[in-house]
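Since the structure comes first, as structure tokens, the remarks are kept for the end.
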């Protein structure tokens, strides 16, 4: 499990570094949050049977120890979350769906992030990439990408137990 945690943290850091390098010449990175946490709760708990499920997510970007870096020096951390209902199971997640989420920054400002979501499995971990733009609020008109890395649900809990009620992982956010 420790190795998986290290791999997932490394994957998020590498993805965020790649995003920062990919910025066009002369473009300022508006916000880069290389560290963060993601939590997803499922009701009912996930099993191997696809069921209409209430999904609630919460994200925290940056921290006191590793704050976000921004052109706006008052932005050091942020939070967001979204709830929706979808047919999911331990083995199937929605992918390619779109959404919108409000990020609340520590300075009291907000940014509406409208995105397309793609979920893939890389080296045994789930990688959710949300790509889109900031459509309202602070940083409106900027493009954004959020990369979340989570261990897959425990197969034994999915098969034999009462299911998987939550997953947690690491997250990186870049707004250009």
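The values are calculated or read from the model by the stated rules, or taken from the named source; none is laboratory data. All of these numbers come straight from a predicted model, not from anything done at the bench. As a convention, Cβ positions derive from the backbone with ideal geometry for all residues, glycine included, and neighbour counts pool all protein chains shown.
Points to keep in mind about this one:
- Count of segment 114-127 residues which are in contact with a strand residue (DSSP E or B) (Cβ under 7 Å, 6 or more places away or on another chain) and in contact (Cβ under 8 Å) with a residue 60 or more places away in the chain: 2
- Residue in segment 89-108 that is farther than 13 Å from residue 146 by Cα, surrounded by fewer than 17 Cβ atoms within 10 Å (Cβ to Cβ) and touching a helix residue (DSSP H, G or I) at 6+ places or on another chain (Cβ under 8 Å) present: yes
- Taking (1) buried (at least 20 other Cβ atoms within 10 Å of the Cβ); (2) in contact (Cβ under 8 Å) with a residue 60 or more places away in the chain; (3) in contact with a strand residue (DSSP E or B) (Cβ under 7 Å, 6 or more places away or on another chain) in turn, residue 47 satisfies each apart from (3).
- For residue 162, the stated conditions do not hold, so it cannot be described as in a strand (DSSP E or B) and either loosely packed, with under 13 Cβ neighbours inside 10 Å or on the phi < 0 side of the Ramachandran plot (or both).
- Out of 151, 86, sole residue that is in contact with a helix residue (DSSP H, G or I) (Cβ under 7 Å, 6 or more places away or on another chain) and modelled with pLDDT under 95: 151
- Index of the failed condition, residue 140 passing every other in (1) touching a residue at least 24 places away in the same chain (Cβ under 8 Å); (2) assigned to a strand (DSSP E or B); (3) more than 18 Å from residue 50 (Cβ to Cβ): (2)
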